[in-house]
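Engineer: One structure, as structure tokens, below. Some questions next.
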Amino acid sequence: MRLFLALEPPPALRARLGALADLAQAQCGGRRVPDESLHLTLAFLGEVETARAETLIEWLQGEAPQGGEWRLDRWGTFRRPGIVWVGGSTPDPALAALQARLWDGLEALGHGGPPTRFVPHITLLRRARRLSIEALPPVDLTWRWRRLTLLRSFTLDDGPRYEVLARSA
Ligand code: NAP
């Protein structure tokens, strides 16, 4: 199964992000990520066998991140997949430390190493027709995060879906 570890926005922030996704779609076209799927990926694991997924679930349930605040204040794009996202204009040390610590744990469990570059972002649109984010209004949101979620990603006819497998303590 295809797995990734992420932070899920609390409901009020999810709604604010959804409103930004609507604005972005009106401006850029493409496929809007549904509100219930909005997230920040910290570790993409790819295909994982069932037995290893069960070990991951137990491990995650024993994790208790300290939590932190992430300031979201910029729009960004990934050109090739036509992704429009929101994220932070400066590196966030708490998120970077969380990602590094997670990968230490994942590597100890036998999962591959972290990516060479970590760009924390929340994808709002995929396959955008125009990456014209300069016309979008300024973003200024704060995400108070704490719990981590292990999600399974799968594809239905109308697009990707995520299923929650476990959460940290
Ligand atoms: P996904 O590819 O499973 O990705 C889930 C999350 O992991 C997203 O936040 C994604 O970031 C991140 N991610 C994916 N690959 C990564 C990598 N190599 N390094 C770091 N982070 C990575 O699901 P999705 O993003 O919702 O879907 C994207 C496309 O994949 C869609 O076109 C969908 O149809 C397809 N898909 C394929 C499968 C499959 O089984 N082959 C399953 C699900 C989806 P971003 O938000 O930046 O992309």
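Bear in mind these aren't lab numbers, they're just calculated from the coordinates by the rules spelled out. Not measured: the values here are computed from a predicted model. We place every Cβ from the backbone using ideal geometry, glycine too, and count neighbours over all the protein chains shown.
Engineer: Could you please let me know if Ile83 is within 23 Å of Ala169 (Cα to Cα), aliphatic (A, V, I, L, M) and either within 16 Å of the ligand (Cβ to nearest atom) or touching a residue at least 24 places away in the same chain (Cβ under 8 Å) (or both)?
Structural biologist: no
Engineer: Same structure again: Of all residues in region 113-151, which are more than 9 Å from the ligand (Cβ to nearest atom) and among the basic types (Lys, Arg)?
Structural biologist: Those that are more than 9 Å from the ligand (Cβ to nearest atom) and among the basic types (Lys, Arg): Arg117, Arg129, Arg130, Arg144, Arg146, Arg147.
Engineer: For the list (1) within 10 Å of the ligand (Cβ to nearest atom); (2) outside any strand (DSSP E or B), I need the number of the one condition that Ala43 fails.
Structural biologist: Evaluating Ala43 over (1) within 10 Å of the ligand (Cβ to nearest atom); (2) outside any strand (DSSP E or B) leaves (2) as the failure.
Engineer: Can you name every residue in region 142-162 that is under 21 Å from Pro65 (Cα atoms) and in a strand (DSSP E or B)?
Structural biologist: Matches in region 142-162: Thr142, Trp143, Arg144, Trp145, Leu148, Thr149, Leu150, Leu151, Arg152.
Engineer: Going through region 41-95 one residue at a time, which ones are farther than 28 Å from Gly110 by Cβ and hydrophobic (A, V, I, L, M, F, W, C)?
Structural biologist: Within region 41-95, Trp70, Leu72, Trp75, Phe78, Ile83, Val84, Trp85, Val86 meet the criteria.
Conditions tested, residue by residue: (1) among the hydrophobic types (A, V, I, L, M, F, W, C); (2) in contact with a helix residue (DSSP H, G or I) (Cβ under 8 Å, 6 or more places away or on another chain).
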site: Glu47; (1), (2): no, no
site: Arg71; (1), (2): no, no
site: Gly76; (1), (2): no, yes
site: Thr116; (1), (2): no, no
site: Leu141; (1), (2): yes, yes
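Engineer: A further question follows. Of the conditions (1) surrounded by fewer than 17 Cβ atoms within 10 Å (Cβ to Cβ); (2) within 15 Å of the ligand (Cβ to nearest atom); (3) touching a residue at least 24 places away in the same chain (Cβ under 8 Å); (4) of a type in the set (A, V, I, L, M, F, W, C), Leu156 satisfies every one except a single condition; which number is it?
Structural biologist: (3)
Engineer: Can you list residue pairs whose Cβ atoms sit under 9 Å apart, with the first residue in region 133-144 being on the phi > 0 side of the Ramachandran plot and the second being surrounded by 17 or more Cβ atoms within 10 Å (Cβ to Cβ)? Count only pairs 6 or more apart in sequence or on different chains.
Structural biologist: So the pair list comes out empty.
Engineer: Let me ask another. Considering each of Leu106, Leu165 in turn, give the residue that is assigned to a strand (DSSP E or B) and either over 19 Å from Ser89 (Cα atoms) or away from the ligand (no atom under 15 Å from the Cβ) (or both).
Structural biologist: Just one listed residue meets the conditions, Leu165.
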